[in-house]
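The values are calculated or read from the model by the stated rules, or taken from the named source; none is laboratory data. Note that the structure is a prediction, hence the values are computed from the model and not measured. Counting neighbours? That spans all protein chains shown, and the Cβs are built from the backbone with ideal geometry, glycine included. Please note that ligands, DNA and RNA were not included when accessible areas were found on the heavy atoms of the full protein model with its side chains. Shrake-Rupley method; radii C 1.70, N 1.55, O 1.52, S 1.80 Å.
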Amino acid sequence: MLVGGIFRAPSQPAFLYYLGTDQSLSADSWTTVQFDTQDFDNNSDFASYIFTAPQPGTYVFTANIRIDSIDSSATQYSWGQFRNITQSTNYRVGIYELDSQVVDYWTVGGSVVLSLAASDQVDFQAFVKAGTAKIEVGSTPATIRYNFFSGYMLG
């Protein structure tokens, strides 16, 4: 549909979720980030922290997480990754090397463009090399969202 010279497709797959509660991370383990609060989800294609492509096409995904409560032994690195669960492929983003620095928090994020088949499933995961950490909501003020996952169908 053309509205004011701009193409609008209200049923086109698009979503934005953010983290509504803190989530703990364990060392040496990829953890699916539990983006549990919806800003919008045009077709309800996002459920149980996973996006399921309703049709084949090219999709754009963006995610960002802020890792807090970093254990003092977490002196290695952290990563994020977009994971195409169906095709068993991972796209790593935002590696952060600590190398014995003491930090209060670090941010991991990035974007990826993926060619998906219908029913392919994508999520976002976090990894901390050593020690424990937490993805904290950081709600001061409540309108700031450090932790989010979004996507849309490009074509």
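Provide the packing ranking of 24-35, 50-61, i.e. peptides ordered by the mean count of other C-beta atoms within 10 Å per residue, highest first.
Values: 24-35: 15.9, 50-61: 17.6.
Top of the packing list down: 50-61, 24-35.
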**Message:** Let me cross-check ARG66: its accessible surface, 1.4 Å probe, with only protein heavy atoms counted, in Å² to the nearest 10?
**Reply:** 50
